[in-house]
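K.L.:
Dumping the structure here so I can ask a few things about it.
The values are calculated or read from the model by the stated rules, or taken from the named source; none is laboratory data. Quick caveat: nothing in here was measured; it's all calculated off a predicted structure. All Cβ positions, glycine included, derive from the backbone under ideal geometry; neighbour counts span all protein chains shown. Keep in mind that these areas ignore ligands, DNA and RNA; they rest on the heavy atoms of the full protein, side chains included. Shrake-Rupley method; radii C 1.70, N 1.55, O 1.52, S 1.80 Å.
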Amino acid sequence: MTALHCPECSFANSEGASYCQKCGAYIGDPGEQQRESTATYRIDQESGELIPVEIDELVDAEGAALVIRSGGGRVGESFALEGERLGVGRGPENEIFLDDITVSRNHALFVRRGNAWFIDDLGSLNGSYVNRQRVDSQELEDGDELQIGKFKLTFFSR
């Protein structure tokens with residue numbers, strides 16, 4: 001039996017697997033066309049219920065958004081980037097609350113500068129990553145993959 005190694009985490013998966021059994025990354029035939037799809041939602045602040053969200057509508061209305069792609073059992077949760085600054089961290093006072101020990105209490109800031117969004121790391125222990133590169137401050141572009149602690153997020157903008 002031949003093992004298929006995941007291109008993301010190198011886990012040895014059983015033959016015939018299309019997705020990694022460890023991280024969920026696509027590992028099927030590289031000749032096949034891959035269609036990535038994640039159902040997105042937000043949490044209603046009053047009721048705590050999940051509200052389905054179309055990411056295109058969220059980005060059109062707000063200009064930019066983040067979607068959790070992996071980590072913490074919150075895959076698909078989305079956050080509209082509104083205003084000028086949004087804090088992200090393990091502290092509940094943050095607009096983007098990521099409750100995990102791998103995330104610093106005040107991990108990073110999303111800051112609007114002109115028409116662009118930036119991520120500014122706030123000296124977090126584990127760092128902030130954009131497209132697998134550790135950054136102190138980085139302008140974000142549509143489709144960028146961010147990592148904050150164990151959470152992987154995708155940045156969407158128009």
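K.L.:
Can you tell me which residues in the stretch 133-158 are more than 12 Å from the chain's Cα centre (by Cα), basic (Lys, Arg) and modelled with pLDDT under 95?
P.N.:
Hit for the stretch 133-158 is 158, nothing else.
K.L.:
Then there is this: Any residue at all in the stretch 71-89 that's acidic (Asp, Glu), buried (at least 19 other Cβ atoms within 10 Å of the Cβ) and within 20 Å of residue 23 (Cα to Cα)?
P.N.:
Going through the stretch 71-89, the residues acidic (Asp, Glu) turn out to be 77, 82, 84.
Add one more test, that the residue is buried (at least 19 other Cβ atoms within 10 Å of the Cβ), and what stays is 77.
Next, from what is left, pick out any that are within 20 Å of residue 23 (Cα to Cα): 77.
The answer is yes; a qualifying residue exists.
K.L.:
Out of the stretch 97-124, which residues are open to solvent by 30 Å² or more (accessible area, probe 1.4 Å), among the small types (Gly, Ala, Ser) and either at pLDDT 95 or above or in contact with a Cys (Cβ under 9 Å, 6 or more places away or on another chain) (or both)?
P.N.:
The answer is 123, and nothing else.
K.L.:
On to the next question. Within the stretch 125-155, which residues are over 18 Å from residue 25 (Cβ atoms) and surrounded by 15 or more Cβ atoms within 10 Å (Cβ to Cβ)?
P.N.:
Answer for the stretch 125-155, where residues must be over 18 Å from residue 25 (Cβ atoms) and surrounded by 15 or more Cβ atoms within 10 Å (Cβ to Cβ): 126, 127, 128, 130, 135, 138, 140, 148, 149, 155.
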